[in-house]
Every structure is written in structure tokens, then in C-alpha cells.
Amino acid sequence: MSVLDAAYRLAHAYPGGVRALAARMERNSNTLAHELNPNMPTHKLGLGDAALMTALSGDASIAEAMARAAGGVFVRLPASSQASDEALLEQFATLVQDFGAVGASMNEALADGRVTPREFERFAATVDEMCAAGIALRERFSQLVEQRPALRVAKAGGAA
């Protein structure tokens, strides 16, 4: 799905539709509708508005479409929580379990010597889950990094 298609679908799926979303954005609903209309080349949806639509709706489809257009994937970061030893071990266990699921999914898809679109979709979903688990572990582990104040460097010929 293209970025513009994702924006159009997000706005129309929003509770109350484009009019309600525009009101939350403090925008004119007709202007927003024109910006979302692929047949209105004179109106363009701005990146700031696309980001606001995403934030207000909680729908990441625009970000997902942008990531795909750039050859990447979108991964939602987990909510911030304490980086306890137990939580880190749970995240690691999830990552290992998801890695095993990737192998099982690949093995199942290759069992008959051909990969169907449905088998690929299942495989891709398990890879995405594994990646998300890895990023969740990375985020939680990053909370353990010690934050030190920046060192002050003395300027030549004077005190810092």
C-alpha cells in the first residue's frame, strides 16, 4: 500500500471519519479531505499532518508504508518499563522462542519443495515478530546504560 493510500484509509477508518480527525487536528475538514483525495493534485498532505494523524489515531499504517517505500520495516517500540534482570531474561526468552518459530516456519514452508504465498506470509510474520522481540530487548537493555555528564573541555587560552 502506498503512503497516500495508507493516509486515506487511516482518515476514513478514524471514528467519525475525516471530519472528526480534522477537528482533533484543528484543521478544516474540507482541506484535509482534499489533501487525502488522490484526484486533487493541487492539495498535498504534509509530513507533520501525517505524523499527527498517526499519533492521534494510534494507527501506524502511514509509518509502515513509508518504511516499506524506503526498503525497511516499521517496528513499534515497547512501552517504557523498568529494566530489571527478570524483565531482561523474559525479553531474551521471547527472542529465542521467536527465533525457533522462524526456523519452524521455514521448515514447514520448504517441506513440500515449494513455498506458497500463504506460507511466505506466515514466515514473514514470524520474522517480524522475532525482529520486534529483538528490538524490545534492545530498548529494555538500553535503560541500563549509565548516563554520565558530558566532559567540559577547556578552551585554548582560557578556563572552561
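The values are calculated or read from the model by the stated rules, or taken from the named source; none is laboratory data. What you see is a predicted model; the values in this text were computed from it and never measured. For neighbour counting, all protein chains shown are included, and Cβ atoms are generated from backbone atoms with ideal geometry for every residue, glycine included.
Here are the numbers:
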item	result
Qualifying residue in segment 46-55 (condition: hydroxyl-bearing (S, T, Y) and touching a Leu at 6+ places or on another chain (Cβ under 9 Å))	yes
Among the candidates G48, G58, G16, residue that is over 14 Å from the mean Cα position of the chain (by Cα) and at positive phi	G16
Members of segment 35-65 found to be assigned to a helix (DSSP H, G or I) and surrounded by fewer than 16 Cβ atoms within 10 Å (Cβ to Cβ), listed by number	L47, G48, A51, A55, L56
From V75, V115, residue being at pLDDT 95 or above, in a loop (DSSP other than H, G, I, E, B) and outside the structural domain of H34 (by TED's automatic domain parsing)	V115
So T31, is it more than 18 Å from the chain's Cα centre (by Cα), more than 29 Å from D128 (Cβ to Cβ) and either modelled with pLDDT under 95 or not in a helix (DSSP H, G or I) (or both)	no
